[in-house]
């Protein structure tokens, strides 16, 4: 019996040692875990705890205004009620999503996508699920707020464009910053949900327009409801940007287009400042500052006439007969022709195995250079092109700014194409054929330019060969009216063309509007002398069953583009205008009247019917 008790005592001691060892290990693991939580993860957990109790509410700065050159407002801010959810608070109250979705007419999938779509979001950072809600929805949310933990509604500034789509391609628009933009920035100025300039001046002058955001610190209860404010840092508004455009001139230009598509740019040719910029069709910039529906976005992307493209700087088109200015300069400067060189036009110029036609079927007869520009004779310039060659034409096109970007401070400008023998060799690995020169000489073939490039070209001809940087912003001011920066006129070069040649071209351009048989007569004014050049650029080769003058029978997408480039007054040029009407037909008929409306507004003249030059043929509107 004694031995049995002794054995039991030994077994108990053995088990007791194991129990002590187990307890020691448990306390050791508990100590290590507490040490890990307090030392290693202490700061993170402390921050999480503070975030759970103390929240930061952003105070978004007012974006700087955009104004025209006379100080009239083009873009400003208005208050917007925006709805936010805090996912950490909503996670334990899923019924909140049902109620909020019901009030805002949002499905659970839509709300879920907005919450999940934001990656690398700091804990307890609000997620915006709806912008610019109506008053009745605001009232419903506020009245049910006590039952909706994790939800709050904030008043924040949103962009307002009082003139709708007016100058929308120049002004641009703003939208929510995306993850790619955040990665590129590499700083803390923006966070998911912030608004940022996406296009136009809103994009290019983003740094000055944005302002500095503030914030307020609040204490919340366990359900995320605000208890009391703690402290705040006020936001500071962005700078105001004064554009170079004139609101009245912009309105007149847009109204003149009516239902047409294309581009118009007006410029002060002595400074390079843009006075009006139109691209049609346009878009409503305010929709991007709110909630763009997938249907709205798809409609704009798939629109056949590309409303999101700024055609003035991105559209690349054959310049048509406006390019005859360059061919004429190349001929005079190389000595291939003189002002008195006379060429006979019968309406057809046979070359190789092809007949190159003039726009006037019966021909123009025998003309000199001045008459050829006034009447826009194709046959004359076919032969001038052959005399000088494509490389000389390309050289003088480059002297006048074609084939390269103008440097305007707007995104996505295109450079256009000025072909030459070496260009074709690089591009296609083929030699240049002399027959291709005929097409280039009258602004067709491989040649492409933007409307802005043609405007710079015409301005250089008008002001003695000087090339100016096109500018869209005149100055930037802070909210107190103090000037932060002023953009002075900047001359970028001078065309190496003799003044005598430029004078001859200017005289011909004045005749192309005011003389008998002038193609640009529809832009002529009684009080002010206008100089200009019409152009008709083929979209497709004219089908055999369509004759000149039969354009209206062609499908719209096959009709020619209409050009008109002009300046005024002839004796002391102030303003230059280039007009492109896509698929508009003939430059004299479709584009010149639009330019006339701009000149009338600029010079404050009463609207008048076209001053048709005596003995002008109706056929003269065909180019």
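The values are calculated or read from the model by the stated rules, or taken from the named source; none is laboratory data. What you see is a predicted model; the values in this text were computed from it and never measured. FYI the Cβ positions are ideal-geometry reconstructions off the backbone, even for glycines, and counts take in every protein chain you see.
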Practice task
Report the residue count in the range 131-156 for those that are in contact with a helix residue (DSSP H, G or I) (Cβ under 6 Å, 6 or more places away or on another chain) and either outside the structural domain of residue 58 (by TED's automatic domain parsing) or free of Cβ contacts under 8 Å to residues at least 12 places away in the same chain (or both).
Solution key: 0
Handout entry: Near pairs, Cβ below 7 angstrom, 6+ apart or cross-chain, from the range 99-110 (free of Cβ contacts under 8 Å to residues at least 60 places away in the same chain and on the phi < 0 side of the Ramachandran plot) to any residue that is in a loop (DSSP other than H, G, I, E, B) and exposed (fewer than 14 other Cβ atoms within 10 Å of the Cβ)
Key = 101/107
Exercise for the section: Would you be able to say whether some residue in the range 119-126 is within 20 Å of residue 148 (Cβ to Cβ), touching a strand residue (DSSP E or B) at 6+ places or on another chain (Cβ under 9 Å) and at pLDDT 80 or above? Expected result: yes
Problem - Single match in 197, 215, 238 (criterion: part of a strand (DSSP E or B) and at pLDDT 90 or above) - result: 197
Fill in the blank from the handout: Filtering the range 229-274 for residues that are within 26 Å of residue 603 (Cα to Cα) and surrounded by fewer than 17 Cβ atoms within 10 Å (Cβ to Cβ) leaves a count of 5
Practice task
Check the range 285-302 and report whether any residue there is touching a strand residue (DSSP E or B) at 6+ places or on another chain (Cβ under 9 Å) and more than 22 Å from residue 73 (Cα to Cα).
Solution key: yes
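A quick yes/no check of all residues on (1) outside the structural domain of residue 414 (by TED's automatic domain parsing); (2) touching a residue at least 24 places away in the same chain (Cβ under 8 Å):
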residue	(1), (2)
294	yes, no
335	no, no
341	no, yes
346	no, yes
354	no, yes
363	no, no
370	no, yes
Problem - Odd one out for residue 97 among (1) assigned to a strand (DSSP E or B); (2) surrounded by 20 or more Cβ atoms within 10 Å (Cβ to Cβ) - result: (1)
Problem - Residue under evaluation residue 352, criteria (1) surrounded by fewer than 17 Cβ atoms within 10 Å (Cβ to Cβ); (2) within 20 Å of residue 498 (Cα to Cα), criterion not met - result: (2)
Handout entry: Some residue of the range 418-433 being modelled with pLDDT of 95 or more and touching a strand residue (DSSP E or B) at 6+ places or on another chain (Cβ under 7 Å)
Key = no
Handout entry: Criterion violated by residue 161 - all others in (1) assigned by TED's automatic domain parsing to the domain that holds residue 195; (2) more than 29 Å from the chain's Cα centre (by Cα) satisfied
Key = (2)
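Each row is one residue, and each column tells you yes or no for (1) closer than 30 Å to residue 372 by Cα; (2) touching a helix residue (DSSP H, G or I) at 6+ places or on another chain (Cβ under 7 Å).
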site	(1), (2)
443	yes, yes
451	yes, no
456	yes, no
460	yes, no
464	yes, yes
472	no, yes
486	no, no
494	yes, no
Fill in the blank from the handout: Those residues of the range 499-538 which are assigned to a loop (DSSP other than H, G, I, E, B) and either touching a helix residue (DSSP H, G or I) at 6+ places or on another chain (Cβ under 6 Å) or closer than 16 Å to residue 572 by Cβ (or both) amount to 515, 517, 518, 519, 520, 524, 525, 527, 528, 529, 530
Exercise for the section: Go through the range 242-349 and tell me which strands (runs of 3 or more DSSP E), entirely inside it, have 1 or more residues that are on the phi > 0 side of the Ramachandran plot. Expected result: 262-268
Exercise for the section: Take residue 389 and decide whether it is more than 37 Å from the chain's Cα centre (by Cα), at pLDDT 95 or above, surrounded by fewer than 24 Cβ atoms within 10 Å (Cβ to Cβ) and on the phi > 0 side of the Ramachandran plot. Expected result: no
Completion exercise
Among residues of the range 356-373 being more than 35 Å from the chain's Cα centre (by Cα) and assigned to a helix (DSSP H, G or I), the residue surrounded by the most Cβ atoms within 10 Å (Cβ to Cβ) is 372
Practice task
Mind listing whichever residues of the range 561-580 are at pLDDT below 95 and either assigned to a strand (DSSP E or B) or under 25 Å from the mean Cα position of the chain (by Cα) (or both)?
Solution key: 561, 562
Exercise for the section: Can you work out which of the residues in the range 438-472 that are over 25 Å from residue 500 (Cβ atoms) and surrounded by fewer than 24 Cβ atoms within 10 Å (Cβ to Cβ) is nearest to the chain's Cα centre (by Cα)? Expected result: 472
Exercise for the section: Tell me, yes or no, whether the range 548-556 has at least one residue that is buried (at least 20 other Cβ atoms within 10 Å of the Cβ), part of a helix (DSSP H, G or I) and at pLDDT 95 or above. Expected result: no
Problem - Filter result for residue 338 (in contact with a strand residue (DSSP E or B) (Cβ under 7 Å, 6 or more places away or on another chain), within 21 Å of residue 533 (Cα to Cα) and modelled with pLDDT of 95 or more) - result: no
Exercise for the section: Could you please let me know if residue 402 is more than 20 Å from the chain's Cα centre (by Cα), modelled with pLDDT of 95 or more and under 23 Å from residue 279 (Cβ atoms)? Expected result: yes
Exercise for the section: Scan (1) at pLDDT below 95; (2) crowded, with 24+ Cβ neighbours inside 10 Å for the single condition residue 619 breaks and write down its number. Expected result: (2)
Handout entry: Residues within the range 157-187 that are in contact (Cβ under 8 Å) with a residue 24 or more places away in the chain, assigned to a helix (DSSP H, G or I) and surrounded by fewer than 15 Cβ atoms within 10 Å (Cβ to Cβ), tallied
Key = 1
